[in-house]
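Novice: Pasting in a structure now, in structure tokens, and then I'll have a few things to ask.
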Amino acid sequence: MGRPLSTARACDGVTLVELMIAIAILATVAAIAVPAYRDYVETAAVGVLAAEIATMEPFQQDTRLRTGSYGIGTWDFATDDTSLTVATGWAPRNSNGATYVVVADEAGYRVTATDPEGRTVCRIMPARRPC
């Protein structure tokens, strides 16, 4: 006589329906996780630019105390333009290829930072307001 049906079923592999359910669950998880990861990466990259802008403030305040005005210039890794370093003594901590442009007036200065992927952060300093 043959084996009972329940024992024969235990030896079989995964059915097509079970495999499709597993793939559907993985696709759903991926559909939620990938955009969240991209948002996280974007937020982190913008945060790096904002942090670099914040490190500029003591250098600008020192320049203003010594010369009576804020330093202006550009820091661009790609073109080797370091006029901002000459004017203020500031250089970014990270050599991530970002470009920093500073323009100033009597009230403050505006910093625009752009990374190689095109993300831009602009701050009006020393108030630290977005442009």
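Novice: Mind checking whether some residue in the range 100-110 is surrounded by 15 or more Cβ atoms within 10 Å (Cβ to Cβ) and touching a Cys at 6+ places or on another chain (Cβ under 8 Å)?
Specialist: yes
Novice: Right, another one. With respect to Arg93, is the statement that it is among the basic types (Lys, Arg) and surrounded by fewer than 16 Cβ atoms within 10 Å (Cβ to Cβ) true?
Specialist: When the stated conditions are applied, Arg93 passes them.
Novice: Please work out if Glu57 is at pLDDT 95 or above, charged (D, E, K, R), under 26 Å from Glu117 (Cβ atoms) and assigned to a helix (DSSP H, G or I).
Specialist: yes
Novice: In addition: Residue check, Ala78 against (1) of a type outside the set (Ser, Thr, Tyr); (2) at pLDDT below 95; (3) over 16 Å from Asp115 (Cα atoms), all met but one. Which one?
Specialist: Evaluating Ala78 over (1) of a type outside the set (Ser, Thr, Tyr); (2) at pLDDT below 95; (3) over 16 Å from Asp115 (Cα atoms) leaves (3) as the failure.
Novice: Could you identify the single residue in Ala27, Ala33, Ala22 that is of a type in the set (A, V, I, L, M, F, W, C), more than 15 Å from Val121 (Cα to Cα), at pLDDT below 95 and out of contact with any Lys or Arg (no Cβ under 6 Å at 6 or more places or on another chain)?
Specialist: Answer to the check: Ala33.
Novice: Something else: If I go through the range 75-96 residue by residue, how many of them are on the phi < 0 side of the Ramachandran plot and assigned to a loop (DSSP other than H, G, I, E, B)?
Specialist: 10
Novice: Return the total of residues in the range 97-131 being in a loop (DSSP other than H, G, I, E, B) and either over 19 Å from the mean Cα position of the chain (by Cα) or among the hydrophobic types (A, V, I, L, M, F, W, C) (or both).
Specialist: The number of residues fulfilling the criteria is 8.
The values are calculated or read from the model by the stated rules, or taken from the named source; none is laboratory data. Since this is a predicted model, take the numbers as computed values, not measurements. Backbone-built Cβ (ideal geometry, glycine too); neighbour counts: all protein chains shown.
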